[in-house]
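Data first, discussion second: the structure below is written as structure tokens.
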């Protein structure tokens, strides 16, 4: 086909990227130099250039070029030529030429190309669930690793469709929000030679040693996907079909039908400008109906994004926001007819403070009780005790140090500060007493997370004891190491049952998931504060550096409930006495949960009567109710 057969018209649109319209396809591009760029067209699936079409002169000052071309979008792919260099459109809606996940890439200049969305999708009246942050139970997962293992029980393993098959399982746990690790297009295999560091740096020496020991490996795996990418396009190699856009939309629609939200994680490169980022997030919200975003990038990005008029209906999760943003958002929440932004902060603060108390560190209790009630004004807070970056929950209670040699970086990668404890034996063991203690510690960690105010986020696989063999940074592994192990063993079933029961308990008690932080005052003059702390004596708790136990009493009346919930945390290595406040006349104490029991949430609560104190075994968490 000759270039003259394509009809080109000047296009007045000022949007970068592409738009398929009835009378042609709009192309918009910001040029890097003084030369006019060209549009390169390819037949779909081919890397041979079929036509080179120069952009018309820009219709406005600057380097933005646009035009409309009459062509059948479903039959073509495209790139740009800018100063003689082939450039893949950073705004491309689809990316072609990658191949299967982990396949050796074709490094030719035309190997990777942009594509178009041409099929209309029937959303069938789809609506976002719009779940308040305090009612969310989030679940972070890697789309490929979640179902790739052979025992995952799905037909289309490692794909969006495979994840959709698992939605009923997640719903049964009580999860109502998916947080997807990067599943926009990225290069999962990168040439080793592209890994550059300053001359003479320690990292350079480490890389040289790695290159010598693994010279046969020309590429380095980026399994997680954090880093540069084509942010507007779903990753094609995570789809079971050839229509990755349709498959991703089907996943979102299926999740919404079950009352589950879908959030996407984005790791924007330093050079990504705020205008591009805003357009990207708006595109995913409009085209794919996603419910929000967890964004990482340069310092201050969360504050920049919070100013965009996108997040009244969409959720935005970032590490931190400026005080000015939080104050402004809190003020909007109090203003009649004003819609505040749905902001949430998410960082390692909860993880560090809870892990320190879990392992029995000194001077950790006061920080834990602050984290446990924290709900800042102007934003929600997402809590987690494990994350994709670090130990899984099973490894947190099985290893004192990381084991990252398989990463090929001489064990230099990954944090050395895991705040973990192996329960007496490093790594795998058959000792039943150690295994029982580890299982109890996992339950303790999950209870600390799921019984705290704020929004809890689980790491995929923690609910059945998934392990990564002590590797706390497996970013470069696409293997059984990072694929969830769905083995269904009895210990896994016990832990899964505990997670299911703990989430159900949380959702059944509004007092454990309030919309604002408890004030620890008796603001209703009912004789009991909304939240109070107790130790060996009622109404008094020691918070000195050696303290490791606390009783937290919630008064249900502050959340529209009857009765009281008493959380007893004992992270000492010996039995501790807990004092109980005097209940109102006609009420008694009942034991409803004990992490030391195999069936931790009792099928029938144990009546304790109007006792004044009780004992909690070592490294155990209990729940009592005043009824």
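Structure above, values below:
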read-out: Residues (within 30 Å of residue 441 (Cβ to Cβ) and touching a strand residue (DSSP E or B) at 6+ places or on another chain (Cβ under 6 Å)) located in region 321-360; value: 344, 345, 346, 350
read-out: Candidates 497, 454, 470, filtered to the one that is outside the structural domain of residue 153 (by TED's automatic domain parsing), touching a residue at least 12 places away in the same chain (Cβ under 8 Å) and more than 29 Å from residue 623 (Cβ to Cβ); value: 470
read-out: Candidate set from region 567-587 (those that are touching a strand residue (DSSP E or B) at 6+ places or on another chain (Cβ under 7 Å) and more than 29 Å from residue 499 (Cβ to Cβ)); member that is surrounded by the fewest Cβ atoms within 10 Å (Cβ to Cβ); value: 577
read-out: Of all residues making up region 484-494, the number that are outside any loop (DSSP other than H, G, I, E, B) and either touching a residue at least 12 places away in the same chain (Cβ under 8 Å) or in contact with a helix residue (DSSP H, G or I) (Cβ under 7 Å, 6 or more places away or on another chain) (or both); value: 4
read-out: Subset of region 446-472 that is within 16 Å of the chain's Cα centre (by Cα) and part of a loop (DSSP other than H, G, I, E, B) - its residue that is surrounded by the most Cβ atoms within 10 Å (Cβ to Cβ); value: 454
read-out: Enumeration of residues in region 597-622 that are touching a residue at least 24 places away in the same chain (Cβ under 8 Å), over 23 Å from residue 435 (Cα atoms) and surrounded by 14 or more Cβ atoms within 10 Å (Cβ to Cβ); value: 614
read-out: Residue tally, condition more than 16 Å from the chain's Cα centre (by Cα) and either crowded, with 16+ Cβ neighbours inside 10 Å or assigned by TED's automatic domain parsing to the domain that holds residue 382 (or both), over region 259-280; value: 6
read-out: Total residues in region 263-279, condition within 29 Å of residue 253 (Cβ to Cβ) and either without any contact (Cβ under 8 Å) to a residue 24 or more places away in the chain or outside any helix (DSSP H, G or I) (or both); value: 7
read-out: Criterion (within 23 Å of residue 243 (Cβ to Cβ) and assigned to a helix (DSSP H, G or I)) met by exactly one of 114, 145, 158; value: 145
read-out: Residue count, region 594-621 (criterion: assigned to a loop (DSSP other than H, G, I, E, B) and touching a strand residue (DSSP E or B) at 6+ places or on another chain (Cβ under 8 Å)); value: 9
read-out: Strands (runs of 3 or more DSSP E) contained entirely in region 526-573, each with at least 3 residues that are closer than 17 Å to residue 452 by Cβ and within 31 Å of the chain's Cα centre (by Cα); value: 549-555, 564-570
read-out: From 586, 563, residue being free of Cβ contacts under 8 Å to residues at least 24 places away in the same chain and not assigned by TED's automatic domain parsing to the domain that holds residue 437; value: 586
read-out: Residues of region 433-458 classified as out of contact with any helix residue (DSSP H, G or I) (no Cβ under 8 Å at 6 or more places or on another chain) and under 18 Å from residue 599 (Cβ atoms), total; value: 3
read-out: Cross-chain or 6+ apart pairs with Cβ under 8 Å, region 97-108 first and assigned by TED's automatic domain parsing to the domain that holds residue 43 and surrounded by 13 or more Cβ atoms within 10 Å (Cβ to Cβ), then at pLDDT below 90 and not in a loop (DSSP other than H, G, I, E, B); value: 105/219
read-out: Selection count where residues are over 30 Å from residue 382 (Cβ atoms) and either touching a residue at least 60 places away in the same chain (Cβ under 8 Å) or surrounded by 14 or more Cβ atoms within 10 Å (Cβ to Cβ) (or both), scope region 523-536; value: 1
read-out: Members of region 402-437 that are in contact (Cβ under 8 Å) with a residue 40 or more places away in the chain and under 20 Å from residue 364 (Cβ atoms); value: 415, 418, 419, 420, 421, 437
read-out: Pair list, Cβ under 9 Å, 6 or more apart: region 38-50 residue not assigned by TED's automatic domain parsing to the domain that holds residue 25, other residue modelled with pLDDT of 95 or more and surrounded by 17 or more Cβ atoms within 10 Å (Cβ to Cβ); value: none
read-out: Some residue of region 500-510 being closer than 28 Å to residue 174 by Cβ and free of Cβ contacts under 8 Å to residues at least 40 places away in the same chain; value: yes
read-out: Set 151, 220, 155: member being surrounded by fewer than 21 Cβ atoms within 10 Å (Cβ to Cβ), at pLDDT 80 or above and in contact with a helix residue (DSSP H, G or I) (Cβ under 6 Å, 6 or more places away or on another chain); value: 220
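The values are calculated or read from the model by the stated rules, or taken from the named source; none is laboratory data. These numbers come from a predicted model, not from an experiment. Positions of Cβ are generated from backbone atoms using ideal geometry, with glycine treated the same way; all protein chains shown enter the neighbour counts.
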